[in-house]
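No lab work stands behind these numbers, since they all come straight from the coordinates. On a predicted model such as this, the values are computed, not experimentally measured, just so you know. Here the Cβ positions follow ideal geometry from the backbone for every residue, glycine too, while neighbour counts run over all protein chains shown.
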Amino acid sequence: MKKQRAALTMDLDAPIAEKNVNMSNALTRAAHSLLLAEKRLISACISKIDSLPAGVPLVRDGAWTVRLSAAEYAETFDVDLDTAYTQLRDASDKLFNRYVRATRETRKGPEEHKFRWVGGVKYHKGEGWVELHWWHEVVPHLYGLRKEFTSYKLKQAAALRSAYSWRLFECLQSWKDTGRYIATIEDFHRAMDVPQSCVVDFKALRVRVIEPAVKELTEKNGLEIEWEVRRAGRKVIGLEFKFRPNPQTALF
């Protein structure tokens with residue numbers, strides 16, 4: 001028992017960059033539309049859940065709560081404290097108005113369900129922290145996951161400076177067991193949350209989204225990525241990405 005407590009203490013004391021971000025695949029897809037600072041905030045807070053006994057230290061005043069300090073944010077994402085304060089404040093404000101949208105097919109057509117990421121947010125500039133109160137419908141997508149979930153170490157995404165790179169990274173991580181991510185062009189547009197200009201012009205999608213994201217993931221995550229276009233005649237109908245970690249440079 002003492003050894004177990006010691007191991008848990010060591011996990012709790014580890015930098016959050018060394019911890020895992022675990023989300024259901026459904027929640028991961030919903031997170032694609034978040035901006036970079038929002039993704040950083042969400043992922044950092046989720047990583048703080050890693051290694052904790054489910055629910056015990058996180059339920060406060062009846063809410064599932066996690067607190068992130070500006071110092072932790074600055075250290076993890078390699079920004080100065082002033083930038084950390086600003087990004088935490090702005091991201092928490094935006095996140096309060098964000099919602100998760102999930103759909104499922106029924107015999108009478110698709111059913112859509114919407115719920116919020118958080119039920120409340122506290123930001124304390126003087127003490128340098130932000131506190132998220134997870135919305136109760138989000139909790140099952142974060143805790144006790146057994147199947148159909150995406151997992152990665154926070155440090156694998158922390159160095160990314162593009163939301164497109166982070167979104168593509170999460171798509172790849174959802175299929176890391178196969179090393180192949182295949183998407184219709186419509187699904188890829190949604191996953192990357194691209195502007196209309198990239199929807200109607202594949203060259204713009206390639207130049208503004210795909211190539212920069214692949215380049216950043218190759219340089220900062222050590223992934224070896226090959227991708228190709230799937231066509232029906234001259235029309236682009238899908239994309240296929242083959243990927244694997246480069247053993248010399250990958251962040252494990």
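Please list, in chain and number order, the residues 5+ apart from ARG230 or on another chain whose amide H is under 5 Å from its amide H, with Hs placed from the backbone.
ILE237, GLY238, LEU239, GLU240
Against the longest principal axis of the chain, how steep is helix 2-13, in degrees 0 to 90 to the nearest 10, with axes from Cα atoms?
The answer is roughly 60 degrees.
Go ahead and estimate [θ] at 222 nm for the chain from helices alone: -39,500 (n - 2.57) per DSSP H run with n ≥ 4, summed, over the residue count, rounded to 500.
Helix contribution divided over all residues of the chain: -11000 deg cm²/dmol.
How long are the three semi-axes of the equivalent ellipsoid of the chain, in whole Å, if each is the root of 5 times an eigenvalue of the C-alpha gyration tensor, listed from largest down?
Values for the chain, descending: 31, 21, 19 Å.
For ASP193, ASP177, ASP82, what ranking results if the residue with the fewest other Cβ atoms within 10 Å of its Cβ goes first?
ASP177, ASP82, ASP193
Have a look at GLY144, GLY119, GLY233 and tell me which one the Gaussian network model of the chain (Cα, springs below 10 Å) gives the largest fluctuation.
Maximum fluctuation in the GNM of the chain, among the listed residues, is at GLY233.
Report the percentage of all Cα-Cα pairs in region 122-182 whose separation exceeds 13 Å, rounded to a whole percent.
Tail of the P(r) past 13 Å holds 74 percent of the pairs.
Taking the radius of gyration and the Kirkwood hydrodynamic radius from Cα positions alone, what is the Rg/Rh ratio for region 159-252, to two decimal places?
The Rg/Rh ratio comes out at 0.96.
Among VAL139, VAL200, VAL207, which comes first, then next, by fewest other beta-carbon atoms within 10 Å?
Result, fewest neighbours first: VAL200, VAL207, VAL139.
Neighbour counts of other C-beta atoms within 10 Å: give me TYR143, TYR99, TYR85 arranged from fewest to most.
Lowest count first: TYR99, TYR143, TYR85.
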